[in-house]
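Have a look at the structure below, then the notes.
The values are calculated or read from the model by the stated rules, or taken from the named source; none is laboratory data. In this text the structure is predicted, and so the values were computed from the model without any measurement. Heads up, the Cβs are rebuilt from the backbone with ideal geometry, glycines too, and the neighbour counts pull from every protein chain shown. Just the protein is used for accessible areas: all its heavy atoms, side chains included, with ligands, DNA and RNA removed. Shrake-Rupley method; radii C 1.70, N 1.55, O 1.52, S 1.80 Å.
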Amino acid sequence: MEHDWSDAEAPLDEDDKRRLILRLITRLRCAECGRLYDPEDFALVHRRQEVWVLSTRCNHCDEPCHVVVFMPKSLEPEPVVDLTPDEVEVASQWQPITADDVLDVHVSLQSCDGDMEAFLTG
């Protein structure tokens with residue numbers, strides 16, 4: 001049965017949690033060699049309430065990996081930001097950052113001599 005993702009406050013059932021964990025570990029890459037882990041090699045080491053601890057070793061370079069997953073109690077957790085509510089409101093009106101914006105910053109940074117304060121205020 002497919003979960004009704006439209007109900008943002010609904011708690012996740014066990015199948016939903018397992019699907020989220022599987023989706024996460026299929027995207028993880030080894031910090032040492034950068035290759036994707038084999039999801040079937042992960043083992044659940046510990047689970048307590050909404051915290052899952054998984055472990056594996058990279059099949060390519062044998063580097064160990066431990067993953068701690070804090071499962072959300074609802075589908076839309078409260079975002080963690082250091083902005084005031086007024087700043088969040090202002091930022092919500094900004095246009096999304098585009099690839100061109102990133103390239104513009106990249107080009108600008110190439111001319112920076114290392115003095116970031118002067119670069120950002122200049």
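What's the local net charge at T56, with K and R +1, D and E -1, over the other residues with C-beta under 13 Å away?
Values: positive: R29, R35, R57; negative: E32, D38, E40, D41, D62, E63.
Value of the local net charge: -3.
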Report task. Quick one: pull the percent of accessible area on the range 11-122 belonging to carbon and sulfur, 1.4 Å probe, ligands and nucleic acids left out. Result -> 54 percent
Requested in this report: Mind running the shape call on the range 11-122? Use the C-alpha gyration tensor, a ≥ b ≥ c as the square roots of the eigenvalues: rounded below 1.5 for a/c, prolate if a/b tops b/c, oblate otherwise.
Outcome: oblate
**Report entry** Length added when fully stretched, D16-N59, from 0.36 nm per residue minus Cα-Cα
**Finding:** 12.7 nm
Query raised in the report: So what J values fall out for the range 86-93 if you push phi through Karplus, 6.51 cos²θ - 1.76 cosθ + 1.60 with θ = phi - 60°, rounded to Hz, Gly and Pro as x?
Result: 5, 5, 4, 4, 4, 5, 5, 8
